[in-house]
Amino acid sequence: MAVMQRSRTYKAEGVVLSRRDLGDADRIVTLFTREFGPRRLAARGARRPTSKVAPHVELFTRVSLVGAAGASLDVLTQAQTIETYARLRTDLRAFAAAGWAAELLDGLSDDGAAMPQDYAALVAFLRALDRADADPAPLLAAFAIALLDAHGYGPELERCTVCTRRIAPDDHAFTPGTGGVTCLACARQHTSHRVQVDTLKALRFVAREGVAGAERLRTTARVSAELRGVLRAYAATMVEREIASARILERAGAAASARRR
């Protein structure tokens, strides 16, 4: 894993994952970069109406940037938009799914460590999210499983993680604490999520086919809800903290399901 060599200025490409105000006119911008993993930079004057940087540091915008190393916080000196994802500005479910992905990345990443595979997965996920007009749950499942697998936390979806027997239809649950599916007998010993057969099939499909396959997958409201619940619990267990955006996604998903009835 490459580690960033500090120099006075550097160029990178990244996606804006979060922002917060700093002082009267500045912002601290967190990006996930292709070259250095997560980077926090001060965008001087970004809150002023005349700022040239401000339009390029909107949430989930992909940018090229020039940074200057500082004693405690780097400074964003230039930024230029490469790609925007319009659906994320108008669809709460898509926006929440992107936020969910950002939190998972943050929980799995080390500052200064280059993770080009993770960056490529993030960009592919955002592009698919922007193209899709359906529930983002399958896309998020594909991204999350691929990312967790790359970091050594991929869930077991074929055999019981306690007794190791192959899982039979209708005799299974998802148990975050053991790392994947369990038979119902073993699930009684752990905090588990009972999921229907179609949900397990969906998890296996996106684990095998990735984001490209997830774009073709259409799920029922129940399967989508179970995917969101399982992913939320499993990710929280792996990164040892709650995924805050998961609550927003679940509320938005429930509201969308209610409108379809």
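Every read-out reported here was derived from the displayed coordinates using simple, explicitly stated rules and does not represent laboratory data. Keep in mind that this is a model prediction, so the values were computed, not measured. Note that each Cβ is placed from the backbone with ideal geometry, even for glycine, and that neighbours are counted across all protein chains shown.
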| field | Sparse-neighbour loop sites [GluC sites (Glu not before Pro); the range 181-261; at most 11 other C-beta within 10 Å; DSSP] | value | GLU240
| said: Residue by residue through the range 106-123, what is 3J(HN,Hα) from phi via Karplus (6.51 cos²θ - 1.76 cosθ + 1.60, θ = phi - 60°)? Round to whole Hz and write x for glycine and proline. | reply: 4, x, 9, 9, 10, 4, x, 9, 6, 9, x, 5, 5, 5, 4, 5, 4, 5
| query | From the phi of every residue in the range 153-160, what ³J(HN,Hα) in whole Hz does the Karplus formula 6.51 cos²θ - 1.76 cosθ + 1.60 yield, where θ is phi - 60° and glycine or proline is x? | reply | 10, x, x, 7, 10, 10, 10, 4
| request: Please work out how much length the chain gains when fully extended from ARG40 to ALA120, using 0.36 nm per residue of separation minus the C-alpha to C-alpha distance, in nm with one decimal. | output: 26.9 nm
| task | Please turn the phi angles of the range 44-57 into ³J(HN,Hα) values with the Karplus equation 6.51 cos²θ - 1.76 cosθ + 1.60 (θ = phi - 60°), one per residue in order, whole Hz, x for glycine and proline. | result | 5, x, 5, 9, 7, x, 8, 5, 7, 7, 3, x, 9, 10
| Amide H to amide H under 5 Å from SER18: which residues, 5+ apart in sequence or cross-chain, H placed 1.01 Å off N in plane? | THR30
| DSSP-loop trypsin sites (Lys or Arg not before Pro) across the range 134-181, with at most 15 other Cβ within 10 angstrom | ARG165
| message | Please compute one quarter of the surface area of the Cα convex hull for the range 87-260 and express it in square nanometres. | response | 9.7
| note | Counting sequence-distant residues (5 or more places) and residues on other chains, those with an amide H built under 5 Å from that of GLU156 are GLY180, VAL181
| said: To test your reading of the geometry: what angle, between 0 and 90 degrees and rounded to tens, separates the Cα axis of helix 137-150 from the longest principal axis of the chain? | reply: 80
| query | Rounded, prolate or oblate: which one fits the range 9-83, using the alpha carbon gyration tensor with axes a ≥ b ≥ c (rounded when a/c is under 1.5, else prolate when a/b beats b/c, else oblate)? | reply | oblate
| request: At most 13 other Cβ atoms within 10 Å and a DSSP loop assignment: could you name the trypsin sites (Lys or Arg not before Pro) in the range 176-257 that fit? | output: ARG188, ARG216, ARG218, ARG241
| field | 222 nm mean residue ellipticity, helices alone, for the chain (DSSP H n ≥ 4; -39,500 (n - 2.57); rounded to 500) | value | -13500 deg cm²/dmol
| note | Using alpha carbon centers only, the range 188-235 is separated from the range 17-76 by a whole-angstrom value of 35
